[in-house]
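The values are calculated or read from the model by the stated rules, or taken from the named source; none is laboratory data. Remember, it's a predicted structure, so these values are computed and weren't measured experimentally. Because the Cβ atoms are built from the backbone with ideal geometry, glycine has one as well, and the counts that use them run over all protein chains shown. Calculation scope for accessible area: heavy atoms of the full protein, side chains included, ligands and nucleic acids excluded. Shrake-Rupley method; radii C 1.70, N 1.55, O 1.52, S 1.80 Å.
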Amino acid sequence: MVSLKGKDILHGNQFSKKEIDTIIKTAGYFEKALKKKDSLNLLKGKILATLFFEPSTRTRLSFETAMQRLGGGVISMASAQSSSAAKGETVADTARTVDQYADVIVIRHPRIGSAKEAADAAEAPVINAGDGAGQHPTQALLDIYTIQKELGSLKGLRVSLVGDLKNGRTVHALVELLSLFGAKLHFVSPSALRMPEAIAANLKVKGIDVVETEDMMKAASESDLLYMTRIQKERFEDLSEYERVKGYYIIDGDFLGKLKKKITILHPLPRVNEISPEVDSYPGAAYFRQVRNGVFVRMALLSMVMGKALD
Ligand code: CP
């Protein structure tokens, strides 16, 4: 019996295959339910607090949409400047405070480990919506849900992860989940933005086939899925280094023409210039469908951590 009741969601490595299956099934249930009804009453009377110390469009709004579709309420802190963090309050004290108001807390913060600090301080379940260049586990779960829908299976996929693998918290979480399904992974990045050695080494210990390369065309020609990521300007100490790598990988009509095969393209978004808008009408371009799936997966997670999972 799988239960996430009362659990924090902090890291991609915390999930079993069985838990992922249950999250996918529950998200699928909510996707179908929302075709018949605008909202459900599963979390009526419950309050979600969203604490965003870094910018967000998708993660914050999809969590808030998910809670409202489940019949619950939302309180929100949309910026560090508008909260007592601006007066020097710690993450732990903020979490302990918000714990007095809310039944579940979603936090995004620029520092690795901050969501864990909040979770240690609060009784309510805490969900990591991105801790600096650390982890973004709920994005990875919606990515997995999208892959299952788009490709029909999670088993033995050949996946190219492209771009800023050093700072990309979405890829750090996603590879943990993909590793449970025996994926073959191509890490495609400029040498300065390689996947952190600890993550790559851990995958190899688990027996995952990992190829590191700078050649996106070759990796894509051997893959079922291209997972593009943005070069994260805000994480660079030296902006001249950002300028050097910012246009390194671009998917456009020319690239897809030369690839000569159909491929599924995901991106956690926002994009800057790494996917040309002309690609949006390509049948395999699934990144806006991926955005929509975020609501169903976050409905699943909220209902499960609140102990209101379906039978
Ligand atoms: N994918 C993602 O985390 O997007 P936001 O930064 O807009 O939340």
Original post:
Which ³J(HN,Hα) values, rounded to whole Hz and listed in residue order, are derived for segment 158-175 from phi using the Karplus coefficients 6.51, -1.76 and 1.60 in 6.51 cos²θ - 1.76 cosθ + 1.60 with θ = phi - 60°, glycine and proline given as x?
Top reply: 9, 10, 9, 9, 10, x, 8, 7, 5, 9, x, 5, 5, 6, 4, 7, 4, 5
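Around Glu278, what is the net charge, scoring Lys/Arg as +1 and Asp/Glu as -1 over all other residues with Cβ under 14 Å from its Cβ? Provide the component values of the computation, followed by the final result.
Details: positive: Arg271; negative: Asp252, Asp254, Glu274, Asp280.
So the environment of Glu278 carries a net charge of -3.
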Original post:
For the chain, what does -39500 (n - 2.57) per DSSP helix run (n ≥ 4), summed and divided by total residues, give at 222 nm, in deg cm²/dmol to the nearest 500?
Top reply: -12000 deg cm²/dmol
Original post:
Counting Lys and Arg as +1 and Asp and Glu as -1, each charge on the Cβ, what is the dipole of the chain about the Cα centre in debye, to the nearest 20?
Top reply: 1100
Subject >> Ranked order, Glu234, Glu64 - accessible area, probe 1.4 Å, largest first >> reply: Glu234, Glu64
Subject >> Accessible solvent surface per residue of the chain, calculated while the other protein chains remain in place, 1.4 angstrom probe, Å² >> reply: 44
Subject >> Spacing of the two label points (7 Å from each Cα toward its C-beta) at Ser82 and Ile112, in nm >> reply: 3.0
Subject >> Under-5 Å amide H pairs with Ile275, H placed in peptide plane, nonlocal only >> reply: Ile251
Subject >> Positive-end extreme of charge dipole, segment 193-276 - chosen from Met216, Ile263, Leu203 (charges on Cβ) >> reply: Ile263
Original post:
Amide H of Val211: which non-local residues (sequence gap of 5 or more, or other chain) have their own amide H closer than 5 Å, using H built in the peptide plane?
Top reply: Leu185, His186, Phe187
Original post:
In terms of modelled amide H atoms, which long-range or inter-chain residues lie less than 5 Å from the amide H of Leu40?
Top reply: Leu70, Gly71
Subject >> Options Ile24, Ile127, Ser191, ranked by Cα towards positive dipole end of the chain, top entry (Cβ charges) >> reply: Ile24
**OP:** Round to the nearest 10 and report in Å² the accessible area of His186, as given by a 1.4 Å probe over the protein chains' heavy atoms.
**Re:** 10
Original post:
Can you pull the accessible area of Val175 for me, 1.4 Å probe, Å² to the nearest 10?
Top reply: 0
**OP:** Rank Thr138, Val162, Val98 by how far each Cα sits towards the positive end of the charge dipole of segment 92-181 (+1 on Lys, Arg Cβ; -1 on Asp, Glu Cβ) and give me just the farthest.
**Re:** Val162
**OP:** Please list Phe288, Phe30 in order of solvent-accessible area, largest first, computed with a 1.4 Å probe with all protein chains present.
**Re:** Phe288, Phe30
Original post:
Using a 1.4 Å probe on the protein chains only, how many percent of the accessible area of the chain belongs to carbon and sulfur?
Top reply: 50
